[in-house]
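Chemist: One structure coming up, written as structure tokens, with questions to follow.
The values are calculated or read from the model by the stated rules, or taken from the named source; none is laboratory data. Worth saying up front: this structure is predicted, and the values here are computed from it rather than measured. Don't worry about glycine lacking a Cβ; one is built from the backbone with ideal geometry, like all the others, and counts go over all protein chains shown. These accessible areas exclude ligands, DNA and RNA; they are computed on the full protein's heavy atoms, side chains included. Shrake-Rupley method; radii C 1.70, N 1.55, O 1.52, S 1.80 Å.
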Amino acid sequence: MPTCRHCGSTYPREFFIHGNGPKTQVCVQCGVDKGLVTKEEVPVLFDKGTAGARFSAVARRYSIFLYLPFLWVLWAATLADVEPWGLFFLGLLLLLTLAAPVLFLYRGGRYSGDMARLSPAYDRPKGH
Ligand SMILES: [Zn+2]
């Protein structure tokens, strides 16, 4: 992955502007900031709404793996010794833990559909 001359960040090729001279090896953000390209020329520089929607799609996809350990710790700290609720919630947690990977795979198609909808149409020019 190339590195931007101005900010030193590393991105995939499609996040760089195209051209020679001052436009060589410049990422889309620096290209817009330095006036080398207009915002309309670089659809891959997401506006705030698109970036937020993309972030929430990723968060929705992976959140289950974040709150499962939290629920286990919560169960172990509070409900483990309580009769009969400890056993009841242990079963519930086991069910949820076993269902998590299945749900993750099951929702994969919807996630890639959401991401495709939130990705701007953009053709990588020849040589890039
Ligand atoms: Zn840059």
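Chemist: May I ask you to say which residue of V44, V37 is open to solvent by less than 30 Å² (accessible area, probe 1.4 Å), within 14 Å of the ligand (Cβ to nearest atom) and closer than 24 Å to A116 by Cβ? Outline the logic, then answer.
Modeler: On the way: V37 fails: closer than 24 Å to A116 by Cβ.
Unique residue meeting the criteria: V44.
Chemist: While we're looking at this one, here's another question. Can you find a residue in the range 94-107 that is touching a residue at least 40 places away in the same chain (Cβ under 8 Å), in a helix (DSSP H, G or I), within 18 Å of the chain's Cα centre (by Cα) and within 16 Å of the ligand (Cβ to nearest atom)? Full working, then the answer.
Modeler: The initial filter retains those residues of the range 94-107 that are touching a residue at least 40 places away in the same chain (Cβ under 8 Å), namely 104, 107.
If we keep only those that are in a helix (DSSP H, G or I) too, we end up with 104.
Narrowing the set further to residues that are within 18 Å of the chain's Cα centre (by Cα) leaves 104.
If we keep only those that are within 16 Å of the ligand (Cβ to nearest atom) as well, we get none.
The answer is no, given that none of the residues of the range 94-107 is touching a residue at least 40 places away in the same chain (Cβ under 8 Å), in a helix (DSSP H, G or I), within 18 Å of the chain's Cα centre (by Cα) and within 16 Å of the ligand (Cβ to nearest atom).
Chemist: Of all the residues that make up the range 19-34, how many are small (G, A, S) and within 28 Å of D114 (Cβ to Cβ)?
Modeler: 1
Chemist: Only residues in the range 1-28 that are in contact (Cβ under 8 Å) with a residue 24 or more places away in the chain and assigned by TED's automatic domain parsing to the domain that holds K39 count as the first member; pair them with residues that are more than 10 Å from the ligand (Cβ to nearest atom) and part of a helix (DSSP H, G or I), Cβ under 8 angstrom, at least 6 apart or cross-chain, and list the lot.
Modeler: Cβ pairs passing all conditions: I17/K23; I17/E41.
Chemist: Answer yes or no: is there a residue in the range 83-93 that is open to solvent by 90 Å² or more (accessible area, probe 1.4 Å) and in contact (Cβ under 8 Å) with a residue 24 or more places away in the chain.
Modeler: no
Chemist: Okay, moving on. Are any residues in the range 47-78 open to solvent by 50 Å² or more (accessible area, probe 1.4 Å), free of Cβ contacts under 8 Å to residues at least 60 places away in the same chain and of a type in the set (K, R), and if so, which ones?
Modeler: Within the range 47-78, K48, R60 meet the criteria.
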